[in-house]
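To start, the structure itself, in structure tokens.
The values are calculated or read from the model by the stated rules, or taken from the named source; none is laboratory data. Everything numeric here is computed off the predicted structure, so don't read it as measured data. Methodologically, a virtual Cβ is constructed for each residue, glycine included, from the backbone with ideal geometry; neighbour enumeration extends over all protein chains shown.
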Amino acid sequence: MDGIFIISFLIILFGSFIIDRKMLRKTETGNKITYGITIGLILLFLITKYFHVSIPMPSYFFVQVVSPWFIQVLGI
């Protein structure tokens with residue numbers, strides 16, 4: 001099911017990019033860069049999800065490393 005969702009979302013993303021292409025020609029450079037970074041991050045996360053590669057998230061680091069250390073420092 002994940003594969004079907006990822007492929008369908010990529011098709012929707014590609015269609016949205018095709019439609020937005022006309023608008024991107026007239027916008028400022030900052031908006032183009034922000035749009036490109038956003039699309040790039042979405043593609044990165046979808047591709048890593050499709051190939052079952054886990055990206056370390058800050059919340060996981062906080063729960064696994066910082067929280068036990070903080071509890072130990074407080075002596076709880």
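Filter segment 22-52 for residues that are under 13 Å from the mean Cα position of the chain (by Cα) and aliphatic (A, V, I, L, M); which is farthest from ILE12 (Cα to Cα)?
My answer is ILE37.
Could you grab me the full set of residues in segment 1-56 that are part of a helix (DSSP H, G or I), charged (D, E, K, R) and loosely packed, with under 10 Cβ neighbours inside 10 Å? Break it down stepwise before answering.
Quick first cut of segment 1-56, residues part of a helix (DSSP H, G or I) only: 2-26, 29-50.
Within this subset, residues satisfying the condition of being charged (D, E, K, R) are 2, 20-22, 25-26, 32, 49.
Those that are part of a helix (DSSP H, G or I), charged (D, E, K, R) and loosely packed, with under 10 Cβ neighbours inside 10 Å: ASP2, ARG21, LYS22, ARG25, LYS26.
Go over the candidates PHE62, PHE14, PHE45, PHE51 one by one and state the one that is of a type in the set (Phe, Trp, Tyr), out of contact with any helix residue (DSSP H, G or I) (no Cβ under 8 Å at 6 or more places or on another chain) and at pLDDT below 85.
Details: PHE14 fails: at pLDDT below 85; PHE45 fails: at pLDDT below 85; PHE51 fails: at pLDDT below 85.
When all the criteria are applied, what remains is PHE62.
So which residues in segment 65-76 are hydrophobic (A, V, I, L, M, F, W, C) and either outside any loop (DSSP other than H, G, I, E, B) or modelled with pLDDT of 85 or more (or both)?
We begin by selecting, within segment 65-76, every residue hydrophobic (A, V, I, L, M, F, W, C); these are 65-66, 69-71, 73-74, 76.
If the condition is that a residue be hydrophobic (A, V, I, L, M, F, W, C) and either outside any loop (DSSP other than H, G, I, E, B) or modelled with pLDDT of 85 or more (or both), then VAL65, VAL66, TRP69, PHE70, ILE71, VAL73, LEU74 are the ones that fit.
If you take the residues in segment 53-76 that are β-branched (Val, Ile, Thr) and closer than 20 Å to LEU10 by Cβ, which one is nearest to the chain's Cα centre (by Cα)?
It comes out as ILE55.
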